[in-house]
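Please read the structure below before turning to the comments.
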Amino acid sequence: MATVKDTIHRVRAYVAAGHASKSGLAVSAGLTANALRGLESAEWNPTAETLSKLEAAISGSTVVDVPQDTALAGKRILLIVAGGIAAYKCLELIRRLRERGAAVRCVLTEAGARFVTPLSLAAISGDKVYQDLFSLTDESEIGHIRLARDADLVLVAPATADILARMAAGIANDLATTALLATDQPVMVAPAMNPRMWEHAATQSNIAALEGRGVSRVGPAAGEMAEADAWGVGRMAEPADILAALEAFFGAGGRLRGRRALVTSGPTIEAIDPVRYIANRSSGKQGHAIAAALARLGADTTLVSGPTEQPDPPGVAVVNIESARDMLAACEAAGPSDIVVCAAAVVDWRVAEAAPRKLKKKDRKQSQTLELVENPDILATLSRAGPGRPRLVVGFAAETESVIDNAIAKRAAKGCDWIVANDVSAGTGTFGGDSNTVHLVSAEEVEDWPTLAKEEVAERLALCIADALEGAP
Ligand code: C5P
């Protein structure tokens, strides 16, 4: 039987994960539209009947429990949203901060309001959005000094070149900069701007001045910019990285510190001759995201990857290989690990003897037969019992039918501890796509996860791994 606390937590998680709005869930549970108005409040005290209706409405749903033991639980974040294209990422950031139990209050600059509406920030943060320095209502409800000091941390995301310059100079000409000047709380910035603006000596000296005064910084990251053909350092850090920086700031980072992790990612390519090869459509997005997530939790992480377009994840040692045999050799050369995650799409067969020279059309008969031999199974090899076996070995199962049954069978056949099973049948868009719908299969249970961005799958998996290793020597 679920306890009242459990049910309330599950309902909050369901709404926070965006499966339904509060009113939508209330109506589908057969309640009045505003029955969940007080959901976030500690005083919310629903009747047993309301709870059982809500339990019925969300049962069978694929809600994954959101982690409650993060350092963000109970923290109050004042989020200053300045005017940059990355402002849209704030909505995702706020949702994920709230999932972790943080309260978020937003200040939106005039330029920021050109990129994101106060209405969407208010809806996602569940709080009023503050915009105007001289608004009498704001001043009567909460003065800007209190606004600035009532938070545990002030986060500026996106932090444009302009707001960084005003912060560095101590200018207070709007609510955001006034709050920043008035606060006695820690400040973190997530810069986001065009790479030339980031590199400019003025911006660099502003950042150095701010860091010298104790402001912490996350990003910017390298990558493609919103402007066509612009590439460089200037993208705002991803919400997951900002979250990790905040967790590290508040002291929850490092749950995997002292652990060694090995991740395989991407396709392998198996030569037919010097120019042709057998490969597959794996993008490496999921495997790279897992390596990044494990590293963010403090694991000493090695990523062995086939050819992909993915940038090397920060803080991860990357070994680039091509064939399955090279991948196995690189994994073995990486030394003993506590955690192994095999996310690579290893090509099962290789050509028995790759031709040393390009096969010519004239060499070929009407039809050409390639003799294939089986590649080593890296996951099965690393799962083998023995003194050096990793504490936890996780494999992937990309299936197009009977996804869970096949995954359960695969777990046993490979000898690994967990299988992350995903449906890659045509139309799911998993291969190369940005999201993934997975089931986590362990010896004890099958956990169904909702469709999540690959980064979120990675993060949840890393947290599950941290939970499983908690207390282990
Ligand atoms: O047997 P199948 O290819 O479906 O198994 C998938 C899982 O096994 C993935 O975790 C993949 O990384 C791993 N694998 C491997 N070496 C192989 C084949 C698969 O590590 N040769």
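Some observations on this one:
- Residue order, fewest to most beta carbons within 10 Å, for 200, 439: 200, 439
- Percent of beta bridges antiparallel (DSSP, the chain, rounded to nearest 5): 30
- The angle between the Cα long axis of helix 454-469 and the longest principal axis of the Cα atoms of the chain comes to about 80 degrees, rounded to the nearest 10.
- DSSP-defined antiparallel bridges as percent of all bridges, segment 210-328, nearest 5: 40
- Considering only segment 76-250, percent of DSSP beta bridges that pair antiparallel, nearest 5: 20
- With respect to the chain, whose longest principal axis is taken over its alpha-carbon atoms, helix 201-212 is tilted by about 80°.
- Segment 320-390 and segment 146-224 have Cα centres separated by 48 Å.
- Cα gyration tensor, segment 269-355 - rounded (a/c under 1.5), prolate or oblate: prolate
- Residues whose placed amide H lies under 5 Å from that of residue 349, excluding near-sequence neighbours: 375
- Candidates 331, 472, 439 compared by Cα position along the dipole of the chain: farthest toward the positive end lies 331, with charges placed on Cβ.
- Entry note, the chain: relative contact order of 10 percent, from Cα contacts under 8 Å with a spacing of 6+ residues.
- Computed over the alpha-carbon pairs of the chain, the distance histogram in 10 Å steps reads 4, 18, 25, 24, 17, 9, 3, 1, 0 percent, short to long.
- Computed from Cα positions, the angle between helix 403-414 and the longest principal axis of the chain comes to roughly 60 degrees.
- Ellipsoid semi-axes for segment 76-250, based on the Cα gyration tensor and the rule √(5λ), read 23, 18, 16 Å when sorted largest first.
- Gyration tensor (alpha-carbon) shape descriptor, segment 302-445, a/c threshold 1.5: prolate
- Order of 146, 255 - criterion: other Cβ atoms within 10 Å of each residue's Cβ, fewest first: 146, 255
- Footprinting exposure proxy for 85, 242, 94 (fewest neighbouring C-beta atoms within 10 Å first): 85, 242, 94
- Segment 403-473: GluC sites (Glu not before Pro) in DSSP loop, at most 16 other beta carbons within 10 Å: 444, 445, 470
Every read-out reported here was derived from the displayed coordinates using simple, explicitly stated rules and does not represent laboratory data. Just so it is clear, the structure is predicted and the values come from calculations on it, not from any experiment. Here Cβ is always computed from backbone atoms with ideal geometry, including for glycine, and neighbour counts include all displayed protein chains.
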